[in-house]
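Input: a single structure, listed below in structure tokens.
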Amino acid sequence: MSLDLVLFGGTGDLAWRKLMPALFQAFRHGSLPDNTRIIGVARDDLSDQQYRALMRGRLDQVDLAKRPSPQEFDRFAALLHFLRMDLSKPDDFRRLAGMLRQQQADSVVMYLATAPSLFTAACEQLAAAGLNTPNTRVVLEKPLGSDLASNRAINETVRKVLRENQIFRIDHYLGKPSVQNLFALRFGNALFEPLWRRETIANIQITIAEDFGVEKRGAFYDNTGALRDMVQNHALQLVCALAMEPPINAHADAIRDEKLKVLRSLKPWTGEDIGQHVVRGQYAAGIVGGEAVPGYRDEAGVNPQSTTETFVALRAEIANWRWAGVPFYIRTGKRLAARDARIVINFRPAPHAIFRSPNGDANRLVIHLQPKDGLELHLLAQGQENRQQAKTLAPALTPVHLDLDFDKRFGSERVGAYERLLLDVIDGRLNLFVRSDEQEEAWRWVEPVMDHWRQDPSGPRPYAAGTWGPSAASAMIARDGHCWSEEC
Ligand code: NAP
């Protein structure tokens, strides 16, 4: 078996931070085919040797356990090549075709780790150069477009030259072991299924919090914002995994069909809803981890008058029999109080109180996605009580947790998200990739919010870096009689 993996954007941030370390791990674990070439592509004029030296610099920075020894790197480096190429120049694709003809690989993966504005031209040029053979797979990074129209335009062009089963639209959240465990929890165990519905669940909270700011990606982020960067893709994919019906089997289309139904059931926005149920914020200067950090507008690459949101909290509803009336709260932002991605499922309290329980406490399932990977089940138990309390007829209950740490249980050496997804592309498995109709539905749902914000002069609410976002986010959830999990 032979593989040519062409990494367009091979010198960019994504390739540098995520893809090359993931490819090295795949190599180390013997998961790459014997005859593999990894061909980095960019407009820079680099030799193979210079590209290898660049990537060596990167791999020398990763965690010690994932760092190659000199001998290991030499073996990995033999797979690395570089091709100077401009995606807007047809002649350059002919040079790529010439290079690929040398090996006639069994499998060819084209990974477009470049700006989405280059996707359509790249796919058209790949076809014009005769590179869309049946053994070619194309990986498209998110965000795919910046609204419904641009997303459709990309999908339509791509589908003219490739079949759907050759297109791998990546949402790296789906590759995370913790998200796969969410599928396992729901569809590999019968325990929770009878409880997974409106009758027993009071609300669901999805938090994807980052404590860092825009880092070196200020210009990119300022044109994107939290709604496009996190909600339209990662957060809605989590909503799908939580709310979908059990698929009839584990095939890609069976799973995607069920996810699509969830996206189609999201209650559409009205102008009034958006004012009430969506909060946008932007971080101001503050303290994170004991250090003073600048506000968003003072970050490199950001417009000093920017109205781009770095925080969104919203209340979604799924209009179907299983979920009608259950709020799904989504919250994501940068420079928040902690780096913490988690899902909290708050169950309804027992219907009739015979115990004195702490005010408002009920059962809760917490699914930790990042940095911790695990499950916590919050129960109420009769714990320590003093003799005086023991005499009362209605004893008090104490919250206790069942705590399952997947990193401890399975070891932290599990296959990472990008490694897993790259291996799936190489093997042609589409389960963890997003179909075009899912993406279009997600854009259709968020677009009214984007339109509303464009016409709303009030702009995002400022919040101090190092906090949980604007207080309006707490007020929004409090109106339903609920609170964010760290508040209650
Ligand atoms: P980046 O750092 O700006 O890198 C862009 C890469 O594309 C560079 O290698 C650049 O090299 C190359 N490039 C630009 N124009 C080109 C052209 N006309 N022809 C050939 N190569 C060209 O961007 P990035 O952060 O890696 O992001 C890449 C994609 O991944 C984007 O769609 C982004 O939204 C997505 N993404 C990134 C991250 C992340 O953490 N960085 C996470 C999720 C998704 P030259 O300028 O030398 O040509």
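Throughout, read-outs are computed from the coordinates displayed, never taken from laboratory work. These numbers come from a predicted model, not from an experiment. Note that we place each Cβ from the backbone using ideal geometry, even for glycine, and neighbour counts take in every protein chain shown.
Count charges around ASN431 for me, please; just the other residues with Cβ under 15 Å from its Cβ, Lys/Arg as +1, Asp/Glu as -1. Computed value for this residue: +1. 3J(HN,Hα) along segment 33-48: x, 4, 9, 10, 10, 10, 10, x, 10, 6, 7, 4, 9, 10, 7, 4 Hz, from the Karplus curve 6.51 cos²θ - 1.76 cosθ + 1.60 with θ = phi - 60°, whole Hz, x for Gly and Pro. Panel order for PHE24, PHE183, PHE410, by other beta carbons found within 10 Å of each beta carbon, from fewest to most: PHE410, PHE183, PHE24. Shown for the chain: cysteine residues without a partner Cβ closer than 4.7 Å, namely CYS123, CYS240. Relative contact order, whole percent, for the chain stands at 18, derived from Cα pairs under 8 Å and 6 or more residues apart. For GLU309, the residues whose amide H sits under 5 Å from its own are ALA226, ignoring neighbours fewer than 5 places away on the same chain, with H placed 1.01 Å from N. Around the amide H of TYR463, modelled in the peptide plane, lie the amide H atoms of GLN282, TYR283, ALA284, all under 5 Å away and 5 or more residues distant in sequence or on another chain. Amide H to amide H, with H built 1.01 Å from N, SER146 comes under 5 Å of ASN151, counting only residues 5 or more places away or on other chains. In this rough spin-label picture, where each label sits 7 Å from Cα along the Cβ direction, the GLN50-ALA472 distance is 4.9 nm. Restriction of the trypsin sites (Lys or Arg not before Pro) in segment 16-68 to DSSP coil positions whose beta-carbon has at most 13 other beta-carbons within 10 angstrom yields ARG43. Here the 3J(HN,Hα) profile of segment 339-345, calculated from phi with Karplus coefficients 6.51, -1.76 and 1.60 at θ = phi - 60°, is 8, 7, 10, 8, 10, 10, 10 Hz, Gly and Pro shown as x.
The Cα atoms of segment 1-160 give a gyration tensor whose axes a ≥ b ≥ c have a/c of 1.5 or more with a/b greater than b/c, which makes the shape prolate.
Where both residues lie in the chain, what percent of DSSP beta bridges are antiparallel, nearest 5? So the antiparallel bridges amount to about 50 percent of the total. Indicate the gyration tensor shape class of segment 123-255 (rounded, prolate or oblate), computed on the Cα atoms with a ≥ b ≥ c the square roots of the eigenvalues: a/c under 1.5 is rounded; otherwise a/b larger than b/c is prolate and the rest oblate. Here segment 123-255 falls in the oblate category.
Calculated from DSSP H runs of 4 or more alone, at -39500 (n - 2.57) each and per residue, what is the 222 nm mean residue ellipticity of the chain, nearest 500? The partial results should precede the final answer.
Working: 16 runs with 160 residues, N = 488.
After summing the helix terms and dividing by residue count, I get -9500 deg cm²/dmol.
Simple spin-label estimate for ALA353 and ARG479 gives 2.7 nm between the two label positions (7 Å along the Cα-to-Cβ direction from each Cα). Distance between the C-alpha centres of segment 228-273 and segment 49-113: 35 Å, rounded to the whole angstrom.
Residues TYR418, TYR463, ranked from the fewest to the most other C-beta atoms within 10 Å, line up as TYR418, TYR463. In this calculation the C-beta distance from ARG163 to ARG454 is compared with R0 = 35 Å, giving a FRET efficiency of 0.45. With a Förster radius of 30 Å, plug the Cβ-Cβ distance of GLU272 and LEU195 into 1/(1 + (r/R0)^6) and report the FRET value to the nearest 0.05. Efficiency for this residue pair is about 0.35.
Kirkwood hydrodynamic radius computed over segment 190-251 comes to 14.7 Å, based on all pairs of distinct alpha carbons. Note on the chain: with charges restricted to the Cβ of Lys and Arg (+1) and Asp and Glu (-1), its dipole about the Cα centre is near 420 debye. Scalar couplings 3J(HN,Hα) for segment 468-482, obtained by applying the Karplus form with A = 6.51, B = -1.76, C = 1.60 to θ = phi - 60°, are 8, x, x, 5, 4, 5, 6, 5, 4, 6, 5, 4, 8, x, 10 Hz; x denotes Gly and Pro. Restricting the GluC sites (Glu not before Pro) of segment 400-488 to loop positions (DSSP other than H, G, I, E, B) with no more than 16 neighbouring Cβ atoms within 10 Å leaves GLU413, GLU486, GLU487. Computed over the alpha-carbon pairs of the chain, the distance histogram in 10 Å steps reads 4, 18, 27, 26, 16, 6, 2, 1, 0 percent, short to long.
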